[in-house]
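Shown next, in structure tokens, is the structure this report addresses.
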Amino acid sequence: MKFPEIKRHLSQFIVGIAGAGGLGSNCAIALARTGIGSLVLCDYDVVDMSNLNRQYYFTGQVGMAKTEALRNNIAQVNPEVIVVTYNIILDRSNIPEIFSGCDVIVEAFDNKEMKEMLVETIQEKLQGIPLVVGSGLAGWGRSEAMRYRKIDETLYLCGDETTEVSDELPPLAPRVAMVAAMQANTVVEILMNRIP
């Protein structure tokens, strides 16, 4: 299948991304490059200088809401993508409303408790919508440890599933980008096998 056909197919779908940091920003850009139709971006944070070592932002965007800065960056890559943004903290009460129209949802949180809450809420309130989770991306090297795993019909995991972020093992651009790309690739695979 040629790229124009792939782009035409993907343009019919909506992908939600919970978190616009390292995973979320890089995954969103990768999906925009493939021709995804719409992105629903959720994050409450602003771009900080400390984010620039791994997140898809630029020095001139420091201080901007991440969702707004990411919307601008997506427009530079593919202005045809429809981007809906929510500058809020996601919780059990607002997740179903925000992501109900999505064909696939990407989990891109730093916090373990937030990851668990999102997975539980999606599986309970938005049954049937595939969720692509990132887990294990800290540090550097060990590329061979990265993997994709399908847990069940709607839950997919990308990363090494063990390496947790810490002060001594921070998230660095190469491994963060690897997991974000794996997440985007998983989304594309799911949607390419779907009839809109």
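Filtering the range 4-26 to residues that are under 14 Å from GLU189 (Cα atoms) and part of a helix (DSSP H, G or I) leaves ILE6, LYS7, HIS9, LEU10. Can you tell me which residue in the range 130-171 is farthest from GLY16 (Cα to Cα), limited to those that are hydroxyl-bearing (Ser, Thr, Tyr) and assigned to a loop (DSSP other than H, G, I, E, B)? Filtering first and then ranking leaves SER166.
Looking only at residues in the range 70-93 that are in a helix (DSSP H, G or I) and touching a residue at least 40 places away in the same chain (Cβ under 8 Å), the one that is farthest from the chain's Cα centre (by Cα) is VAL77. Within the range 172-179, identify whether any single residue is in contact with a strand residue (DSSP E or B) (Cβ under 8 Å, 6 or more places away or on another chain), crowded, with 18+ Cβ neighbours inside 10 Å, at pLDDT below 95 and in a strand (DSSP E or B), and answer yes or no. No.
Of the residues making up the range 4-31, those that are under 16 Å from MET192 (Cβ atoms) and touching a residue at least 12 places away in the same chain (Cβ under 8 Å) are ILE6, LYS7, ARG8, HIS9, LEU10, SER11, GLN12, PHE13, ILE14, VAL15, ALA30, LEU31. For the range 160-196, a residue qualifies if it is over 21 Å from ALA145 (Cβ atoms) and of a type in the set (S, T, N, Q), and exactly one does: ASN193. Of the residues THR67, THR85, which single one is in contact with a Leu (Cβ under 7 Å, 6 or more places away or on another chain), hydroxyl-bearing (Ser, Thr, Tyr) and buried (at least 20 other Cβ atoms within 10 Å of the Cβ)? After applying the criteria, what remains is THR67. Just one of the numbered conditions (1) crowded, with 20+ Cβ neighbours inside 10 Å; (2) at pLDDT 95 or above is not true of ARG33: (1). Between LEU41, LEU52, the distinction of being free of Cβ contacts under 8 Å to residues at least 12 places away in the same chain, on the phi < 0 side of the Ramachandran plot and surrounded by 15 or more Cβ atoms within 10 Å (Cβ to Cβ) belongs to LEU52 only.
The values are calculated or read from the model by the stated rules, or taken from the named source; none is laboratory data. Source: prediction; values computed, not measured. Note that each Cβ is placed from the backbone with ideal geometry, even for glycine, and that neighbours are counted across all protein chains shown.
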